[in-house]
Amino acid sequence: MNNKGFHLSVSAVSKAKNHSVLAKSAYNSGSKLIDKQSGEIHDYTSKTKDKILNLVDSDGAKYTQMIEKNVLHTALITPTVAGDLAVTREGFWNDIERIESRKNAQFGTEIDVMFPEGVTADQRIGLVERYAQTLSDRYNVLVDVAIHRPQS
């Protein structure tokens, strides 16, 4: 993927596609979420930590390589009318999977955006959180935000 351009995709997260909204949220947010119905654990906490790999090249020389964490920022954005409502990612998505019992239920909508080169991390966070708040207020929904490190 080219990191100099702009990319936007929108897709439904639905039961009809055999999606687990808990798995999707855990993966995107780099968190550990437990599906209360199945007991399945979705643990992607490794995405929030830097990793140091100890490697050996073809000549036998040892070296290390650092892989930076992928998830840089997460937030749960609630509608302004909700006030100080306390919501957890795991509790919310478990409630959605429990309530949406139809075989073709849509759990949510995933919006994936790649910003053009030159947009700083702080600018990305500000833009995404303002847009998420607008969506949350307009449609009276919770927005689960996860900002990842730009890929080259």
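The values are calculated or read from the model by the stated rules, or taken from the named source; none is laboratory data. No experiment lies behind these values; they were computed from the predicted model shown. Cβ atoms come from the backbone with ideal geometry, glycine included; neighbour counts cover every protein chain shown.
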Show the residue pairs meeting these rules: Cβ distance below 9 Å; 6+ apart or different chains; first residue within region 122-150 and of a type in the set (Phe, Trp, Tyr); second residue not in a helix (DSSP H, G or I).
TYR131/ILE111; TYR131/VAL113; TYR131/VAL143; TYR139/PRO79
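Pick out the one residue from ASP144, ASP137, ASP95 that is surrounded by 12 or more Cβ atoms within 10 Å (Cβ to Cβ), in contact with a Pro (Cβ under 7 Å, 6 or more places away or on another chain), at pLDDT 85 or above and not polar (S, T, N, Q).
Answer to the selection: ASP137.
Being surrounded by fewer than 14 Cβ atoms within 10 Å (Cβ to Cβ) and farther than 21 Å from SER46 by Cα narrows it down to one of THR64, THR120, THR88, so name that one. First the steps, then the outcome.
Details: THR64 fails: farther than 21 Å from SER46 by Cα; THR88 fails: farther than 21 Å from SER46 by Cα.
That would be THR120, the only listed residue that is surrounded by fewer than 14 Cβ atoms within 10 Å (Cβ to Cβ) and farther than 21 Å from SER46 by Cα.
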Matching residues in region 70-85 (of a type outside the set (Val, Ile, Thr) and surrounded by 15 or more Cβ atoms within 10 Å (Cβ to Cβ)) number 6
Subset of region 25-36 that is in contact with a Phe, Trp or Tyr (Cβ under 8 Å, 6 or more places away or on another chain) and of a type outside the set (S, T, N, Q) - its residue that is surrounded by the fewest Cβ atoms within 10 Å (Cβ to Cβ)
LYS32
Every residue in region 37-61 that is surrounded by 10 or more Cβ atoms within 10 Å (Cβ to Cβ), touching a Lys or Arg at 6+ places or on another chain (Cβ under 6 Å) and outside any loop (DSSP other than H, G, I, E, B), please.
ASP43, THR45, THR48
Just to be sure before I move on: is LYS103 surrounded by 10 or more Cβ atoms within 10 Å (Cβ to Cβ) and either assigned to a helix (DSSP H, G or I) or not hydroxyl-bearing (Ser, Thr, Tyr) (or both) in the structure I sent?
no
